[in-house]
Amino acid sequence: MAVLDDLSGFEFEDVMEDVFRNLGYENVRQAERTADEGRDVIMEEVVDGTRRAIIVECKHTGTVGRPVVQKLHSAIATFDFDGPKRGMVATTGRFTNPAEEYADRLQRNDDPYPIELIDGEDLREIADEIGLDLYNGRIEILCDETLRPYDPAADVDAPVQEAFRDIENIEAADLPVPHSQVTFRPVVAITADTNAVFETSVGVIHRINDRTQFVVHAERGHPKVADDEVATLVTENFHATVSLDTGQFTEAFDDVDERRFGQTQTEYKEWAVDRLQDYHTTTVTYTGDNNVTYNKTCEPNLLDISVQSIEPVYLPEVRQTTEILEYAYPYEYYAAGPSRVTLEDGIHRCVHCETSGVDETYTYCPNCGAIACDTHIKTERLEGEPVCTGCAVTERFALKRKYFYDEENLGAFRKEYAEMPIHEKAMENKLLAGGSVVATLLLVVGLLVIGGII
């Protein structure tokens, strides 16, 4: 069969490493390629509470004979592991009868180091189970699970209504229904162990024993580590995923889009290993036997880093746009049921300046639909309601600028102002009126002083 034929032996080992990781085995890693002593992949499993090591020989050949199985049996016996051990031989081809008889005899005799054989037919069945593309040897990321794009106990537009709740002069119940779109973004949660010891003639100078967990944006083949807030949203809601049924979600959202994972599992693994290698590289200062101080760069090698799991899931990115009169207000966030991480808040942002953030006060202008900060909100003189500086018609009365919804309101107030008695006109500028009173009092006091009355 023309299966995986274009892969080298080392590339086949990479593929099998990902296969076993997808099958749920733990601590999957490759042995040194320069001297693997019959051990290509090493991993562990837990059976009835007991941890067992598994040593795997990978053979990318047409036929595997008895000597390969015998050699692996010896390698298992000499492998240093505190607990039970067993072996596997995986091949894209087939096993000879003597090879199968040898493995069967180990099983029948309850040998402490039994060996399981996986041939090309078995590999094809495994491939169907985990999504392995047998024709290019890659495990394409397959995922049909997503975090919830909205809280099932509330309306889809509940986050928008909540965001508008602290905007002055507008009620959430009066808001138009926002246009809602969801994009299901692929992410992977990666768990990896790094174990390395660095020694010199004076002994151990540095040791790494670390488990790292991080979430990666996985779209279009450009992995990027998610920030802590997004990573927490993903990891804390992994237990509450739902099936990615775009048909179902089109009933709740106006637009639904699903993005594909941009890389294979092998590529994500290699990217994670490279990143962790850089992360853990450090320079250590130590004193040698001759009392001389040395600096040594301690860089873990690739085999010191073992990717334990690569868990894919879709992260819903929801964008809801509320259109009110002349303005549109976007509100964008990553969603996980009732939890979310805000990406863009166009509601808590003044349309006339750079003021933004939930700690400011914003007021809605019913004249044009603007949301503005205190600096750009005034009181409309005729109606006594808020109006923003962007749409207001202005004119000075009693040397003070007055704000109006439109020319009609301005004209109405002109007539009203013309009919006011002088003292009411003066009160249209309370500062000016107050200053005039103070000036008059000072003048009177001055005249009294000059006249000798006081």
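Okay, helix-only estimate at 222 nm for the chain: each DSSP H run of n ≥ 4 adds -39500 (n - 2.57), divide by all residues, round to 500 deg cm²/dmol; what do you get? All intermediate terms of the calculation are to be shown ahead of the outcome.
Numbers: 11 runs with 123 residues, N = 454.
The helix contribution divided over the chain gives -8000 deg cm²/dmol.
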Convex hull volume per residue in cubic angstrom - Cα atoms of the stretch 318-365: 90
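Considering only protein heavy atoms and a 1.4 Å probe, what is the carbon-and-sulfur percentage of the accessible area of the chain?
Values: 10910 of 24030 Å².
That share works out to 45 percent.
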Two-site FRET efficiency, V197 against T232, from Cβ-Cβ distance with R₀ of 22 Å, rounded to 0.05: 0.10
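List the residue ranges in the chain for DSSP H helices whose C-alpha atoms run 18 angstrom or more along the long axis and whose Kyte-Doolittle average is 0.5 or above. Write down the numbers at each step before the final one.
Values: long enough: 9-22 (20 Å, -0.51); 66-78 (19 Å, 0.16); 265-280 (22 Å, -1.69); 430-450 (30 Å, 2.34).
Membrane-span-like by this criterion, though nothing is claimed about a membrane: 430-450.
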37 °C / 0.692 mPa s Stokes-Einstein diffusion coefficient of the stretch 351-419, Kirkwood radius on C-alpha pairs, µm²/s: 260
Where the Cα pairs of the stretch 145-319 fall when distances are cut into 10 Å bins, in %: 8, 27, 24, 17, 12, 7, 4, 1, 0
Partner lysines for K71 [C-alpha distance under 27 Å; skip if fewer than 8 residues away on the same chain]: K59, K85
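Just to be sure I understand: if I project the alpha-carbon convex hull of the stretch 225-334 onto a plane and average over all orientations, what area do I get in nm²? Don't jump to the answer; show the numbers that get you there.
Numbers: hull surface 49.9 nm².
Averaged projected area of the stretch 225-334's Cα convex hull equals 12.5 nm².
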Calculated Cα Rg over 2.2 N^0.38 Å (choose from [x] 1.00; [y] 1.63; [z] 1.53), label: [y]
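Please work out whether the stretch 3-130 counts as rounded, prolate or oblate from its C-alpha gyration tensor, where a ≥ b ≥ c are the square roots of the eigenvalues and a/c under 1.5 means rounded, while otherwise a/b larger than b/c means prolate and anything else oblate?
Working: a/c = 1.39, a/b = 1.15, b/c = 1.21.
Rounded is the answer for the stretch 3-130, as its axis ratio a/c remains below 1.5.
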For a label point 7 Å along the Cα-to-beta-carbon line of K224, residues of the stretch 336-355 with backbone N under 17 Å: 341-345
Accessible solvent surface per residue of the chain, calculated while the other protein chains remain in place, 1.4 angstrom probe, Å²: 53
Estimated FRET transfer efficiency when R0 is 25 angstrom, pair D144-D257 (beta carbons, to 0.05): 0.95
Net length gained if the chain between R401 and T361 were fully extended (0.36 nm per residue, minus Cα distance): 12.1 nm
Rounded if a/c under 1.5, otherwise prolate or oblate - the stretch 139-232, Cα gyration tensor axes: prolate
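The values are calculated or read from the model by the stated rules, or taken from the named source; none is laboratory data. Note that the coordinates shown come from a computational prediction; the quantities given were computed from them, not determined experimentally. Here the Cβ is made from the backbone with ideal geometry for all residues, glycine too, and neighbour counts use every protein chain on show. Calculation scope for accessible area: heavy atoms of the full protein, side chains included, ligands and nucleic acids excluded. Shrake-Rupley method; radii C 1.70, N 1.55, O 1.52, S 1.80 Å.
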